[in-house]
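The values are calculated or read from the model by the stated rules, or taken from the named source; none is laboratory data. Note that the structure is a prediction, hence the values are computed from the model and not measured. Cβ sites come from the backbone with ideal geometry, for glycine too, and all protein chains shown count toward neighbours.
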Amino acid sequence: MDKSKNQENCFFCKKKLNFWFTSLKKHKGNKVCSNCAMKIAKKEINESKQITETKVTCVSCGKIWHYGKEEQTENCGNSMHQLGKSMMCCAGCVPALFIPNKQIKDFDKCPDCNSKAIKKEKVIHNVE
Ligand SMILES: [Zn+2]
Ligand SMILES: [Zn+2]
């Protein structure tokens with residue numbers, strides 16, 4: 001999973017990187033352009049606005065759900081009442097709301113059909 005070697009675009013602004021434009025500073029192993037490196041230094045880019053979570057797809061019934069950080073679950077719960085803005089996220093987080101004590105137990109099983117035939121992938125959300 002070593003993508004960074006072939007990374008040609010800035011992690012943040014997706015601008016194409018060339019020798020002069022690439023910052024020597026890396027962001028979590030990802031290349032960034034000198035512009036964005038500056039913004040990171042000046043805290044103009046808030047790293048916490050990016051959430052990495054795992055998207056799980058049930059191969060049997062096609063259900064899709066997500067899991068990630070705990071604070072993200074809370075975020076989802078709140079924003080669901082407010083705006084329903086992060087629909088994609090919330091659809092996956094709904095099952096978590098029904099589980100007491102935030103104990104999300106079996107990630108490797110479909111909550112709908114209990115199938116263990118699942119597919120996992122990492123997704124990154126930009127929360128604004
Ligand atoms: Zn950039
Ligand atoms: Zn299923």
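Residue 26 falls short on exactly one of the conditions (1) surrounded by fewer than 18 Cβ atoms within 10 Å (Cβ to Cβ); (2) more than 15 Å from ligand 1 (Cβ to nearest atom), and that condition is (2). Taking the range 1-61 as the region of interest, the strands (runs of 3 or more DSSP E) fully inside it that hold 2 or more residues being modelled with pLDDT under 90 are 22-27, 50-58.
The set of residues in the range 114-128 being assigned to a strand (DSSP E or B), at pLDDT 90 or above and among the charged types (D, E, K, R) consists of 119, 120, 121.
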